[in-house]
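The values are calculated or read from the model by the stated rules, or taken from the named source; none is laboratory data. Since this is a predicted model, take the numbers as computed values, not measurements. Cβ placement follows ideal geometry from the backbone for every residue including glycine, while neighbour counts extend to all protein chains displayed.
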Amino acid sequence: MSDQRDPDATIRRCQRVLLMVHELHKRGYQLLRIVPGLNASGTSWRCGVTPRSNTLKSHGAMSATYDRMAKYTSASENQYFEWTDATTDTARQLADKFVDRFPEIVSDAQGRDWEYCGWYVQMLGFADRKAFPIAYCDFMDDGLRHQKILQTFPETTRELPFPPPGDAEERR
């Protein structure tokens, strides 16, 4: 991420959540995946964090089920994952709390996934430029999952590829 602190607190918080997942990847939880999207009004970015086994075989940024998923929304501001004791935490401190508070998710996320982690580092570069990935939008049809690239928000780019697929069967 950039050395410059973004003046927009919402941007910084969303970046912090992504950096928390990156920190968890560095700790050996490389099977963690993000499921990013937008709320119904298109005003809040969402980021679910789940094991690879919970993401679709055809789309590594979509979940087959919302069980075993930690959820963050930018609408909750600095109450990450609805925690009231993390408002000033760094990405590393959030990662510590995530391991303690979501043991079932991290236990399923231990292992190596160099391909996904490589994609993740590329995605962090986009997020550094205020282009957060979007795999779904509550106000749009399911068409986003059939495109070749991920949409981004609030800055739009047509360059971010999909992450590697997950392990879960398609939802019907």
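Just for the range 110-136: of the residues that are among the small types (Gly, Ala, Ser) and touching a helix residue (DSSP H, G or I) at 6+ places or on another chain (Cβ under 7 Å), which one is surrounded by the most Cβ atoms within 10 Å (Cβ to Cβ)?
The residue in question is Ala135.
What number goes with the only condition from (1) under 23 Å from Glu82 (Cα atoms); (2) surrounded by fewer than 18 Cβ atoms within 10 Å (Cβ to Cβ) that Leu38 does not pass?
Looking at each condition in turn, Leu38 falls short on (2).
Examine the range 28-37 for a residue that is among the aliphatic types (A, V, I, L, M), within 19 Å of Pro133 (Cα to Cα), at pLDDT below 95 and touching a Cys at 6+ places or on another chain (Cβ under 6 Å), and state whether such a residue exists.
No, because not a single residue in the range 28-37 is among the aliphatic types (A, V, I, L, M), within 19 Å of Pro133 (Cα to Cα), at pLDDT below 95 and touching a Cys at 6+ places or on another chain (Cβ under 6 Å).
Any idea which of Thr88, Thr43 is of a type in the set (Ser, Thr, Tyr), assigned to a loop (DSSP other than H, G, I, E, B) and out of contact with any Ser or Thr (no Cβ under 9 Å at 6 or more places or on another chain)?
Result: Thr88 is the single residue among Thr88, Thr43 that is of a type in the set (Ser, Thr, Tyr), assigned to a loop (DSSP other than H, G, I, E, B) and out of contact with any Ser or Thr (no Cβ under 9 Å at 6 or more places or on another chain).
Of everything in the range 53-77, what is surrounded by 16 or more Cβ atoms within 10 Å (Cβ to Cβ) and modelled with pLDDT of 95 or more? Give them in sequence order.
Answer for the range 53-77, where residues must be surrounded by 16 or more Cβ atoms within 10 Å (Cβ to Cβ) and modelled with pLDDT of 95 or more: Met69, Ala70, Tyr72, Thr73, Ser74.
So that you can scan it fast, the table gives a plain yes or no per residue for (1) closer than 19 Å to Cys117 by Cβ; (2) over 13 Å from the mean Cα position of the chain (by Cα):
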| residue | (1), (2) |
| --- | --- |
| Met20 | yes, no |
| Lys26 | yes, yes |
| Leu31 | yes, no |
| Asn39 | no, yes |
| Thr43 | no, yes |
| Thr55 | yes, no |
| Ala75 | no, yes |
| Gln79 | no, yes |
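Could you tell me whether Val21 is assigned to a strand (DSSP E or B) and buried (at least 17 other Cβ atoms within 10 Å of the Cβ)?
Against the criterion (assigned to a strand (DSSP E or B) and buried (at least 17 other Cβ atoms within 10 Å of the Cβ)), Val21 does not qualify.
Quick one: is Trp45 touching a Cys at 6+ places or on another chain (Cβ under 9 Å), among the hydrophobic types (A, V, I, L, M, F, W, C), at negative phi and touching a residue at least 40 places away in the same chain (Cβ under 8 Å)?
Yes: the conditions hold for Trp45.
When you check Arg16 against the structure, is it under 28 Å from Pro161 (Cβ atoms), charged (D, E, K, R) and crowded, with 22+ Cβ neighbours inside 10 Å, yes or no?
Judged against the criteria, Arg16 is not a match.
Would you be able to tell me the number of residues in the range 139-172 that are modelled with pLDDT under 75 and either under 20 Å from Arg13 (Cβ atoms) or crowded, with 18+ Cβ neighbours inside 10 Å (or both)?
1
Need pairs with beta-carbon distance below 6 Å; first residue in a helix (DSSP H, G or I) and within the range 107-134, second of a type in the set (Gly, Ala, Ser); sequence gap 6+ or separate chains.
So the pair list comes out as Asp128/Ser2.
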